[in-house]
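These notes concern the structure reproduced below.
What follows draws every value from the coordinates through simple rules; no lab data is involved. Being a predicted model, the structure only gives us computed values, none of them experimental. Positions of Cβ are backbone-derived with ideal geometry, glycine not excepted, and every protein chain shown enters the neighbour counts.
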Amino acid sequence: MNICDIFFSLQGESTFAGLPCTFIRLAGCNLRCAYCDTPESFQDGVVYSFEQILSEVRKFGCKLVEITGGEPLLQPETIELMERLNAEGYLILLETNGSHSIQQVQSFVHIIIDVKLPGSGHPDSFHMPNLQWLKENWDELKFVITDRADFDAAIKFINANNLQKHTLLFSPAAEQLKPSILTDWIKTTGLPIRLNLQLHKLLKIK
């Protein structure tokens, strides 16, 4: 597999925020979001075998693992990697940009799926059939909000697709939208939206 980095830190986002976590950052991405903070993942990365990946993960002694990118589902081997991690007792998070099918992702994986809004530059990239494969009370939908237009687009998407029973994460784009402003907007919706701050950026850690 093409790997950008394997490292140990705190989970910065999602309902797992604040927990120690090992990250497997896969190389390659099909999108170029305007606010992307990992452009290094656009490159080919370094080729690792499954055993090399698992060996690196074992070194950290942490049972929470996130597979991220780039876009992890560009590499078909990601499915087998998650099988192998599950066999060793790891709790697995998969962060995906939503443009590829999640149908083959195993039920034991917590999927954090990003719905791209106009501010990303890729508002039409979401693979709509993915909504039928989301697991309630398990998978999470993330929306990165750059401005009011993004916020309104996110609310429209949620209501149009009856997603109110899913875990909904709204993230203010770093240096583009103040969390306090997004908080005020969220309070007007009556929806169970979770403000999703990026702890790793607030703490200035990897």
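If N is the number of residues in the range 16-55, what value comes out of its Cα radius of gyration divided by 2.2 N^0.38 Å?
1.44
Can you sort Lys142, Lys135 by how many other beta carbons sit within 10 Å, fewest first?
In increasing order of surrounding Cβ atoms, one gets Lys135, Lys142.
Given axes a ≥ b ≥ c from the Cα gyration tensor, I'd like to know whether the range 1-119 is rounded (a/c under 1.5), prolate (a/b larger than b/c) or oblate.
rounded
Non-local amide H neighbours of Val144 (under 5 Å, H modeled in plane, Pro and chain starts lacking H): which ones?
Counting only residues 5 or more places away or on other chains, the set is Val115, Leu117, Ser171.
Of Lys142/Lys204; Lys63/Lys178; Lys156/Lys204; Lys63/Lys165; Lys135/Lys187; Lys63/Lys135, which ones are farther than 24 Å apart at the Cα?
As for pairs spanning more than 24 Å Cα to Cα, those are Lys63/Lys178; Lys156/Lys204; Lys63/Lys165; Lys135/Lys187.
To the nearest 500 deg cm²/dmol, what mean residue ellipticity at 222 nm is calculated for the chain from DSSP H runs of n ≥ 4 alone, each contributing -39,500 (n - 2.57), summed and divided by the residues?
So the calculated ellipticity at 222 nm is -6500 deg cm²/dmol.
Please compute the modelled spin-label separation between Ala87 and Phe108, points set 7 Å along Cα→Cβ, answer in nm with one decimal.
1.0 nm
Report, to the nearest 10°, how far helix 50-60 tilts away from the longest principal axis of the Cα atoms in the chain, using its own Cα long axis and a range of 0 to 90°.
That helix lies at roughly 70 degrees to the long axis.
If only Cα atoms are counted, what is the Rg of the chain, and what is its Dmax, in Å?
Values for the chain (Cα only, Rg and Dmax): 16.4, 49 Å.
Per the Kirkwood definition applied to all pairs of different Cα atoms, how many angstroms is the hydrodynamic radius of the range 157-198?
11.0 Å
Cα centroids of the range 138-206 and the range 1-38: how far apart, whole angstrom?
Using only Cα atoms to place each centre, the spacing works out to 18 Å.
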